[in-house]
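The values are calculated or read from the model by the stated rules, or taken from the named source; none is laboratory data. The structure displayed is predicted, hence computed values, not measured ones. With ideal geometry, Cβ positions are generated from the backbone for all residues, glycine too; neighbour counts draw on all protein chains shown.
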C-alpha cells in the first residue's frame, strides 16, 4: 500500500483533515470490504445524490491502490446509504435485464462510476442469459450495456 496505512487508517486521516468527527468501522459485505462511517453529520459526507461519498470513495481507493492494481477496492458507506442505493440499483438493473431477455435487444444503461459498474458486472458474471459490457472510454463515468449472452 502506497501510503503505509491501512484503508481504515487512511480514511480516518482524510476525515480528520476535512475537520469531521467520525468513527470508522470495518465490515465484510457481499460486495467486498466496506468502511462504514458513523458521524453526526452524514449529509456532509453523502452530498447531493451521493456525489461527495462517491468522490471520497474514489479518492480513498486511488490513494490505497496507487501503483498497485492488486489492492482490492474498498466501499465507503455512511448511515447505510450505499447499501440502500445498491439495492435500488439492482432492482432497476433487473428490470432492464428482463427486457433484454424478453426482446433480445441490448439495454444501454446510464453513466455509472466504477464501483457501480463492478456491481453490475458482478451481478451478471455467472448469468446464463445476460452479459454486461462497459463502453471503451477513459471517462470516469461510463455506460454499461446489457446484452444477451451468446454461446
**Prompt:** Do the conditions hold for residue 91, that is, is it over 17 Å from residue 32 (Cβ atoms), at pLDDT 95 or above and surrounded by fewer than 11 Cβ atoms within 10 Å (Cβ to Cβ)?
**Reply:** yes
**Request:** Return yes when residue 147 is farther than 27 Å from residue 59 by Cα and either surrounded by fewer than 13 Cβ atoms within 10 Å (Cβ to Cβ) or out of contact with any strand residue (DSSP E or B) (no Cβ under 7 Å at 6 or more places or on another chain) (or both) and no when it is not.
**Result:** no
**Request:** May I ask you to verify whether residue 4 is free of Cβ contacts under 8 Å to residues at least 12 places away in the same chain and surrounded by 12 or more Cβ atoms within 10 Å (Cβ to Cβ)?
**Result:** no
**Request:** Among the helices (runs of 4 or more DSSP H) lying completely within region 1-109, list those that include at least 1 residues that are more than 14 Å from the chain's Cα centre (by Cα) and closer than 30 Å to residue 150 by Cα.
**Result:** 81-103
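Got a number for residues in region 90-138 being in contact (Cβ under 8 Å) with a residue 24 or more places away in the chain and under 25 Å from residue 56 (Cβ atoms)?
First, pick out the residues of region 90-138 that are in contact (Cβ under 8 Å) with a residue 24 or more places away in the chain: 90, 93, 96-97, 100-101, 104, 106-120, 122-124, 127, 129-130.
Okay, now just the ones that are also under 25 Å from residue 56 (Cβ atoms), so 90, 93, 109-120, 122-123.
Of the residues in region 90-138, 16 are in contact (Cβ under 8 Å) with a residue 24 or more places away in the chain and under 25 Å from residue 56 (Cβ atoms).
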**Item:** Output for region 110-144, where each listed residue is touching a strand residue (DSSP E or B) at 6+ places or on another chain (Cβ under 6 Å) and in a loop (DSSP other than H, G, I, E, B)
**Value:** 135, 143
